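Working notes, beginning with the structure itself.
The values are calculated or read from the model by the stated rules, or taken from the named source; none is laboratory data. Note that this is a predicted model, so its numbers are computed, not measured. Cβ placement follows ideal geometry from the backbone for every residue including glycine, while neighbour counts extend to all protein chains displayed. Note: areas computed on protein heavy atoms with side chains; ligands, DNA, RNA excluded. Shrake-Rupley method; radii C 1.70, N 1.55, O 1.52, S 1.80 Å.
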Amino acid sequence: MPFSFWYGGSEPHRGFKKGIGQENGLDPAEVRVPPFLPDTPEVRDDLLDYCFEIEWFDAHLGRMLDLLAEMGELENTLVIVTSDNGMAFPRAKANVYEYGIHMPLAISWPASVPGGRTVDDLVNLIDLTATIYEVAG
C-alpha cells in the first residue's frame with residue numbers, strides 16, 4: 001500500500017542551547033569558520049552549537065531510515081532530505097550569497113535509482129514537485 005511520510009525537523013533553527021556543542025564533546029579547534037564571519041571564540045562556539053543540532057537531526061533521520069528498513073519499506077521509499085534555507089548566520093540565511101542558498105539535498109530511492117552520485121548543479125526545490133508528482137503517478 002502506498003504511503004507518504006513527511007518529517008520537518010526544527011533543528012538546526014535558532015534557539016539552540018548555548019554551549020551544547022562543547023557540552024557534547026565538539027572541539028572549537030576543529031571548526032572551519034566561513035571567511036565572512038570573524039574567527040572568534042564566540043563564533044566558533046556558536047558554529048559548534050549549530051553543528052550539534054545538525055548531528056541531532058542526522059541521528060533522528062538515521063532512526064527513521066532504520067525503521068523503514070526494519071519494516072521492509074526502505075528500498076521502495078523515495079526519501080528526500082533537504083532544508084528550508086541556508087545556515088542561520090549573518091550573510092547566510094535569507095541572503096542570496098552562497099551560504100544563503102547552499103542547502104542540503106539528499107535523495108534516495110534504492111529500488112529505482114542507483115545511488116552514489118554527487119551532483120553540484122543548482123537545484124530549485126520547486127523542481128522537486130514535478131519529480132514527486134511523476135513518482136506518485
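Quick one: accessible surface of T82, probe radius 1.4 Å, all protein chains present, in square angstrom to the nearest 10. The accessible area comes out at roughly 60 Å².
Phi angles across the stretch 91-107 convert, under the Karplus curve 6.51 cos²θ - 1.76 cosθ + 1.60 with θ = phi - 60°, into 3J(HN,Hα) values of 6, 10, 3, 6, 10, 8, 10, 3, 6, x, 9, 7, 10, x, 8, 10, 10 Hz, Gly and Pro given as x.
Note down the Stokes-Einstein diffusion coefficient of the stretch 40-81 in µm²/s, whole number, using a Kirkwood radius over alpha carbon pairs, 10 °C, and 1.306 mPa s.
Working: Rh = 12.1 Å.
Value of D from the Cα-based Kirkwood radius: 131 µm²/s.
Taking the inverse of the mean 1/r over every pair of distinct Cα atoms in the stretch 1-69 gives a Kirkwood hydrodynamic radius of 13.7 Å. Calculated mean residue ellipticity at 222 nm for the chain: -11000 deg cm²/dmol, from DSSP H runs with n ≥ 4 weighted as -39500 (n - 2.57), summed, divided by the residue count and rounded to 500. The Cβ shell under 11 Å around L61 holds other residues with a net charge of -3, Lys and Arg each +1, Asp and Glu each -1. Projected onto planes of every orientation and averaged, the convex hull of the alpha-carbon atoms in the chain covers 10.0 nm². Helix 127-136 axis versus longest C-alpha principal axis of the chain: approximately 30°, rounded to the nearest ten. Annotation note: chymotrypsin sites (Phe, Trp or Tyr not before Pro) in the stretch 1-84 located in DSSP loop regions with a Cβ neighbour count of at most 14 within 10 Å are F3, F5, W6, Y7, F36.
Can you give the net charge of the other residues whose Cβ lies under 15 Å from the Cβ of P12, counting K and R as +1 and D and E as -1?
On the way: positive: R14, K17, K18, K93; negative: E11, D45, D46, D49, E53, E55, D58, D84.
Result for the local shell: -4.
Here the label points at E134 and Y97, each 7 Å from Cα along the C-beta direction, are separated by 3.5 nm in the simple model.
The stretch 72-131 and the stretch 1-64 have their alpha-carbon centroids 17 Å apart. Our summary gives the chain a relative contact order of 17 percent, counting only alpha carbon pairs under 8 angstrom and 6 or more residues apart. Here the Karplus curve 6.51 cos²θ - 1.76 cosθ + 1.60, taken at θ = phi - 60°, turns the phi angles of the stretch 45-61 into couplings of 5, 5, 5, 5, 4, 4, 4, 4, 5, 5, 4, 4, 4, 4, 5, 5, 4 Hz, with x standing for Gly and Pro.
Taking the stretch 67-122, which GluC sites (Glu not before Pro) meet the DSSP loop condition and have no more than 16 other C-beta atoms within 10 Å? Write out the running numbers ahead of the final one.
On the way: sites: E70, E73, E75, E98; in loops: E73.
Here the sparse-neighbourhood loop sites are E73.
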